[in-house]
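Reading through the structure tokens given below for one structure.
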Amino acid sequence: MQLSHYIALSAFLFMVGIFGFVWRRNFLIVLMSVELMLNAVNLALVAFARYWDNPEGHVFTFFVIALAAAEAAVGLSILIVIYRQRESVDVGDFRRLRE
């Protein structure tokens, strides 16, 4: 496969992630959309690293994976706390947290 195929797939996955992040109201799906966007970035980093035969892309990928794991842990813990208090995972309900 050529580099353009990887980049096209990465762009498609990133756009699907943006669509889920912007248009969905469920907080769990918003978190999954963020993970999808991070994985799209990982795919592009690995593709560029392999194309230019430079291992820096792989190193950045490990950082992004660590960031995604931390984001998932913090996001899910916030989700559990909010669900226990409000019994809803709708993102629109988070506006009431200021009150």
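So the values come out like this:
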read-out: Top-ranked residue in the range 43-62 [being more than 16 Å from the chain's Cα centre (by Cα) and open to solvent by less than 50 Å² (accessible area, probe 1.4 Å); ranked as modelled with the lowest pLDDT]; value: GLY57
read-out: Failed condition for SER10, given (1) among the hydroxyl-bearing types (Ser, Thr, Tyr); (2) assigned to a helix (DSSP H, G or I); (3) open to solvent by less than 60 Å² (accessible area, probe 1.4 Å); (4) at pLDDT below 95; value: (4)
read-out: Qualifying residue in the range 50-60 (condition: hydrophobic (A, V, I, L, M, F, W, C) and in contact (Cβ under 8 Å) with a residue 24 or more places away in the chain); value: no
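Residues checked against (1) in contact (Cβ under 8 Å) with a residue 40 or more places away in the chain; (2) in contact with a strand residue (DSSP E or B) (Cβ under 9 Å, 6 or more places away or on another chain); (3) outside any helix (DSSP H, G or I); (4) surrounded by 13 or more Cβ atoms within 10 Å (Cβ to Cβ):
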{"site": "VAL22", "(1), (2), (3), (4)": "no, no, no, no"}
{"site": "VAL41", "(1), (2), (3), (4)": "no, no, no, yes"}
{"site": "ALA68", "(1), (2), (3), (4)": "no, no, no, yes"}
{"site": "LEU79", "(1), (2), (3), (4)": "yes, no, no, yes"}
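The values are calculated or read from the model by the stated rules, or taken from the named source; none is laboratory data. Predicted model, so just to flag it, every value in this text is computed and none were measured. Neighbour counts are summed over all protein chains in view; Cβ atoms, including those assigned to glycine, are modelled from backbone coordinates with ideal geometry. Ligands, DNA and RNA are stripped out before the accessible areas are found, and what is left, the full protein with its side chains, is counted by its heavy atoms. Shrake-Rupley method; radii C 1.70, N 1.55, O 1.52, S 1.80 Å.
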